[in-house]
Amino acid sequence: EMAALGPREVDAAWMVLMHRFFLDIADRAGYPSPLAGWLTRDRMVEIYRAAYGGKHYLIGVALSNLASAYNGDKQYAMAEPLFREAIAMYDATLPADHTTTAIAHIKLGRTLLRQRRFSEAAPETLAGYEVILTTAAPGNSFLRAARIDLAAIYDTLGQPERAERFRKELADTAR
């Protein structure tokens, strides 16, 4: 029931998830595991670095996935440098207008937004948005998220006309 086709990083993510799942079960049952620190999120990035050496876009994928996990835990300060490193890795290994890089910019923008660093969030989110806008369907979830974030950012920065542009685009695509 847990089998599916997907990229290799899905296998890595499932390994970490299942490792943590069974560690939690053992811990709740009162059986501490000697493998408790063996397979962590950070360790998975180390494995990718060792496997791919130097610069490879999959290291960026691992970094971005780890940053997304930190965002999910509301650990934005931990996520930010990982997104920045992932973007640098993508810039070195992927075409300038690659969707993966754009998504990482949007996620970094959201991370900065959550830290209330609006003037830094705007260019990151906008950089990702402009690429996704040319490559994705109007209802794309990252496009939608970027529009929501850009409206919030520009409202906070006292630029209501720019915020309104993104609210209008959201409304137009909702129809």
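The values are calculated or read from the model by the stated rules, or taken from the named source; none is laboratory data. Since the model is a prediction, treat every value here as computed from it, not as a measurement. Note that we place each Cβ from the backbone using ideal geometry, even for glycine, and neighbour counts take in every protein chain shown. Just the protein is used for accessible areas: all its heavy atoms, side chains included, with ligands, DNA and RNA removed. Shrake-Rupley method; radii C 1.70, N 1.55, O 1.52, S 1.80 Å.
What the table below lists for this structure:
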{"read-out": "The chain: most fluctuating residue of P81, P34, P123 per GNM, C-alpha cutoff 10 Å", "value": "P34"}
{"read-out": "Hypothetical label at D91: residues of the range 129-168 whose amide nitrogen lies under 18 Å (7 Å Cα-Cβ projection)", "value": "129-132"}
{"read-out": "For the range 28-122: span of alpha carbons on each principal axis (Å, largest first)", "value": "48, 34, 16"}
{"read-out": "Linear extension gain, Y31 paired with T134, 0.36 nm per residue minus alpha-carbon span", "value": "31.8 nm"}
{"read-out": "Helical contribution to [θ] at 222 nm, DSSP H n ≥ 4, -39,500 (n - 2.57), averaged over the chain, rounded to 500", "value": "-25000 deg cm²/dmol"}
{"read-out": "Peptide ranges 54-62, 166-174 listed from the most packed, as the mean C-beta count within 10 angstrom indicates", "value": "54-62, 166-174"}
{"read-out": "R84/E161 FRET efficiency (R0 35 Å; Cβ-Cβ; nearest 0.05)", "value": "0.70"}
{"read-out": "Computed E for F22/R43 - FRET, C-beta separation, R0 22 angstrom, nearest 0.05", "value": "0.90"}
{"read-out": "Charge sum, other residues only, whose C-beta stays under 12 Å from F21's C-beta, Lys/Arg counted +1 and Asp/Glu -1", "value": "0"}
{"read-out": "Counted charge near R175, where neighbours are those whose Cβ lies closer than 12 Å (Asp, Glu -1; Lys, Arg +1)", "value": "-1"}
{"read-out": "Phi-based couplings in Hz for the range 30-46 (Karplus 6.51, -1.76, 1.60; Gly and Pro marked x)", "value": "x, 10, x, 9, x, 9, 3, x, 6, 10, 9, 4, 4, 5, 4, 5, 4"}
{"read-out": "Förster-model FRET efficiency, 41 Å R0, A50 and H98, C-beta, rounded to 0.05", "value": "0.95"}
{"read-out": "Solvent-accessible heavy-atom area per residue, rounded to whole Å², over the chain at 1.4 Å", "value": "58"}
{"read-out": "Note, ³J(HN,Hα) from phi for the range 152-164, Karplus 6.51, -1.76, 1.60, rounded to Hz, x at Gly and Pro", "value": "5, 4, 5, 4, 5, 7, x, 10, x, 5, 6, 4, 4"}
{"read-out": "Max mean-square fluctuation residue, GNM over the chain, Cα-Cα springs under 10 Å, options T111, T101, T40", "value": "T40"}
{"read-out": "Karplus 3J(HN,Hα) series, Hz, for the range 104-112 with 6.51 cos²θ - 1.76 cosθ + 1.60 (x for Gly, Pro)", "value": "5, 5, 4, 5, 5, x, 5, 4, 5"}
{"read-out": "Net +/- balance of residues flanking D42 in space, Cβ distance below 14 Å, scoring K and R +1, D and E -1", "value": "+1"}
